[in-house]
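This report refers to the structure that appears directly beneath it.
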Amino acid sequence: MIRVIGIDPGLRNLGWGVIDVSGSRIAHVANGICHSEGEDLAARLLSLHGQLTRVLATYRPGAAAVEQTFVNKDGAGTLKLGQARGIAMLVPAQFGLTVGEYAPNKVKKTVVGVGHADKGQVAHMVRMQMPGIEIAGPDAADALAIAICHAHHGGASTLAQAVARAQA
């Protein structure tokens, strides 16, 4: 069994989701949202770093995955999101983890079946794969989807190998 954390980077809300993967089975462990605090960018990033560090210290994942950033029309917003993504990659690295990176469309296609699914569809399919879980919000649902994507494609367990054999 391996424990995987998925992280959905955001400067205001950084979603996280932890799953256990054993063979082809996945089980929900925990999920939540780190809310940045502070007036300036440096304080907000430090806040996210501290909160995410506590999450990793509590749940001790053996693998991590982060959603890749896409460039949008707001260049300044994209740069700020990139800095939050840096925190999302730094903290797992500080715990000695290699961080998988996945495009949003790959995550959606893995979990929902189509690459342009909306947040509601992603949350619904996450609930279908892990019935009865309480999801802290859309950012946490996305983070769980990133963890599931890593379980399928990142070699997080024999699940990736089983999927590859089934597709062969």
*Scope segment 136-157; condition at pLDDT 95 or above, out of contact with any Asp or Glu (no Cβ under 6 Å at 6 or more places or on another chain) and open to solvent by 10 Å² or more (accessible area, probe 1.4 Å); matching residues*: Ala136, Gly137, Pro138, His150
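Out of the residues in segment 1-15 that are part of a loop (DSSP other than H, G, I, E, B) and open to solvent by less than 30 Å² (accessible area, probe 1.4 Å), which is farthest from Ile146 (Cα to Cα)?
Narrowing segment 1-15 to residues part of a loop (DSSP other than H, G, I, E, B): 1, 9-12.
The next check asks that each one be open to solvent by less than 30 Å² (accessible area, probe 1.4 Å); those that pass are 9-11.
Values: Pro9: 11, Gly10: 14, Leu11: 18 Å.
Residue satisfying both the conditions and the ranking: Leu11.
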*Hey, among the residues in segment 16-73 that are farther than 17 Å from His150 by Cα, part of a strand (DSSP E or B) and touching a residue at least 24 places away in the same chain (Cβ under 8 Å), which one's most open to solvent (accessible area, probe 1.4 Å)?*
Ile33
*Looking at segment 66-86, is at least one residue within 15 Å of the chain's Cα centre (by Cα) and within 23 Å of Ser22 (Cβ to Cβ)?*
yes
*Residues being without any contact (Cβ under 8 Å) to a residue 24 or more places away in the chain and on the phi > 0 side of the Ramachandran plot: count how many of those fall in segment 116-138.*
1
*Do you know which residues across segment 90-115 are in contact (Cβ under 8 Å) with a residue 12 or more places away in the chain, open to solvent by 60 Å² or more (accessible area, probe 1.4 Å) and within 26 Å of Thr53 (Cα to Cα)?*
Leu90, Gln94, Phe95, Thr98, Glu101
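The values are calculated or read from the model by the stated rules, or taken from the named source; none is laboratory data. What you are looking at is a predicted structure, and each value in this text was computed from that prediction instead of being measured. FYI the Cβ positions are ideal-geometry reconstructions off the backbone, even for glycines, and counts take in every protein chain you see. The accessibility values were calculated without ligands, DNA or RNA, using every heavy atom of the protein model including side chains. Shrake-Rupley method; radii C 1.70, N 1.55, O 1.52, S 1.80 Å.
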